[in-house]
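Everything on this sheet refers to the single structure shown next.
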Amino acid sequence: WSSPYEYNLKPKKITFFYLVFGLILFGLGETLLVTANIGVSPWFVLHQGLSIKTGYTIGITTFIVSVIVLLFWFPLKQKPGIGTVLNAILISLVIDICIFILPYPNQLVFQLIQVIFGIILIGIGSGFYLAANLGPGPRDGLMTGINKITSFSLAFIRTLLEISAVIIGFYLGGILGVGTIIYALGIGYSVSIGLFLVGKLYA
């Protein structure tokens, strides 16, 4: 069901379904980190900080950051796909809807469980989204675009971008905590597991 190329404007219905499903899971996972209130993922430290400073919802600031990041694609000669556009829109919508209905635990043990569950959902959602192959997310596209015009590795560029997002977001009031550390340590494994599970759909 995966698209044969990223810039497919007429993907199969099942491909489109799994893309949307993956993005919804991703947004839900990120929102679980937000409502756990013990630290969010690096980019969401920035989104959260901007939300605090501007008074906009975190979904809106997530969308604004996505649009700003996409503007940097033009000098990098990156092309957005259907997945790129839906990434910016759907994740923002899911956050603003789910933030009102998800739990806000007060005890640390439940906060930690919620963070771990959120990271698992992000990993599975990423598996569906990446396997759909309909264009990278705004932040991933920025990373690969910089990689194409520099001699820096993807790992170095990603680390630099996420550290920059954390520093700016923390300065603006975003929550940097144990949840951020757990995310940094676990997201790679979670995405790998997500891709493995999604890969079973090809069998």
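The values are calculated or read from the model by the stated rules, or taken from the named source; none is laboratory data. Note that this is a predicted model, so its numbers are computed, not measured. FYI the Cβ positions are ideal-geometry reconstructions off the backbone, even for glycines, and counts take in every protein chain you see. These accessible areas exclude ligands, DNA and RNA; they are computed on the full protein's heavy atoms, side chains included. Shrake-Rupley method; radii C 1.70, N 1.55, O 1.52, S 1.80 Å.
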Handout entry: Inter-label distance, nm, simple model (7 Å from Cα along the C-beta direction), L160/I193
Key = 3.2 nm
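Given a 1.4 Å probe, how much area per residue of segment 37-91 is accessible, in Å²?
I get 45 Å² per residue for this part.
In the chain, carbon and sulfur make up what percent of the accessible area (probe 1.4 Å)? If you can, show how the numbers build up before the last one.
On the way: 7890 of 10550 Å².
Carbon with sulfur: 75 percent of the solvent-accessible area.
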Fill in the blank from the handout: GNM on the chain, Cα springs under 10 Å; top mean-square fluctuation among G59, G186, G123 goes to G186
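If you stretched the chain out fully between F110 and L71, how much longer would it get, using 0.36 nm times the residue separation minus the C-alpha to C-alpha distance? Please list the in-between numbers first.
Details: separation 39, 0.36 × 39 = 14.04 nm, distance 3.89 nm.
Computed gain between F110 and L71 is 10.1 nm.
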Practice task
Pull out a ≥ b ≥ c, the square roots of the eigenvalues of the alpha-carbon gyration tensor of segment 109-148, then state rounded if a/c is under 1.5, prolate if not and a/b is larger than b/c, and oblate in the remaining case.
Solution key: oblate
Exercise for the section: Could you give the DSSP H helices of the chain that reach 30 angstrom or more along their long axis (alpha carbon positions) and whose average Kyte-Doolittle hydropathy is no lower than -0.5? Expected result: 13-36, 108-132, 178-199
Handout entry: Per residue, in Å², the accessible surface of segment 93-136 once ligands and nucleic acids are set aside, probe 1.4 Å
Key = 50 Å²
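What is segment 93-171 by shape, rounded, prolate or oblate, if you read a ≥ b ≥ c off the alpha carbon gyration tensor as root eigenvalues and call it rounded for a/c under 1.5, prolate for a/b larger than b/c, and oblate otherwise?
Details: a/c = 2.36, a/b = 1.63, b/c = 1.45.
It comes out prolate by the Cα gyration axes.
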Fill in the blank from the handout: Gyration tensor on Cα atoms of segment 33-76, a ≥ b ≥ c root eigenvalues, a/c under 1.5 rounded, else prolate if a/b beats b/c, else oblate, says prolate
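Report the local net charge at H47: Lys and Arg +1, Asp and Glu -1, summed over other residues whose C-beta lies under 14 Å from its C-beta.
Counting the neighbours of H47, the net charge comes to -1.
Within the P(r) computed for the chain, what percentage of the Cα pairs occupies the region above 24 Å?
Values: 7805 of 20503 pairs.
Summing the P(r) of the chain above 24 Å gives 38 percent of all pairs.
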